[in-house]
1. Here is a list: A95, A46. Which entry is modelled with pLDDT of 85 or more and not in a strand (DSSP E or B)?
2. Can you pull out the residues in the stretch 55-97 that are surrounded by 15 or more Cβ atoms within 10 Å (Cβ to Cβ) and of a type in the set (A, V, I, L, M, F, W, C)?
3. Checking K77 against (1) at pLDDT below 60; (2) part of a strand (DSSP E or B), which single condition isn't satisfied?
4. When the stretch 144-160 is examined, which residues are found to be in a loop (DSSP other than H, G, I, E, B) and modelled with pLDDT of 90 or more?
Amino acid sequence: MEQVLGGFRPAKQVMESYNAYYDHVRMTWVDTGDLELDEDGNPIWAGFRTDLRNVSTGKKPRYELFPTTSGLAMGSKPGNKGNWKQVKGGSIDPAVLFIDRCLQLLKPGGRLLIVLPDGVLCNSGDRYVREYIMGKKDEQSGEFVGGKAIVKAVISLPADTFKLSGTGAKTSILYLQKRHARDDNPEQFLPEPQTDVFMAVAETLGYLVKNNIEDYSAGVSNDLDKIVGAYKRGE
């Protein structure tokens, strides 16, 4: 968990004064700089690859987000003034960490289908997660700037989708494509535009849950078949 919250990436400490990570694109070890220490002298960051950079000119660190194709940041969150701070272990939705890790593992241009709780897609407190994924909307140009991915589709699932797993939480399928990387700098994203997002609601999935059993003989339709067809037709 410490690795995940700190920004997980295969890495090792090669000297006491700094940490390094192996850049698989450039095939070399890269120094991440001096460790930031707390009042007790313990590292604030675990030394793993993150998209957070200390932009402070004073003694007190101030971290801002600088998205890269191989970094992580969702072990932290921004405050009211935009200063990113680590989230204490256990107080963050694991789904947020999962999508961050999936985005990191994707190759630039790669595609991801993931089931997420609706709160990540709707709650005001998770707005920073959505902005991390698709960027902030520029009021003048109308384009989304700074995100890591282009959202292709969001499909709402019925509440009983995972009922047999012990949860009735509303979930949705998020389909996205990681932005492509620049040729001259594979760590930086190309400024690709966010296109229209396909949205649909699946009322039934071809079964009903009865007596802790998925009953496929109930005669209900699987709306996902129709939704996939509509997406392919561009409807």
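The values are calculated or read from the model by the stated rules, or taken from the named source; none is laboratory data. The structure displayed is predicted, hence computed values, not measured ones. Backbone-built Cβ (ideal geometry, glycine too); neighbour counts: all protein chains shown.
1. One residue alone meets the criteria, A95.
2. L65, F66, L72, A73, M74, W84, V87, I92, A95, V96, L97 - these are the residues of the stretch 55-97 that are surrounded by 15 or more Cβ atoms within 10 Å (Cβ to Cβ) and of a type in the set (A, V, I, L, M, F, W, C).
3. Condition (1) is where K77 drops out.
4. G147, K148, L157, P158
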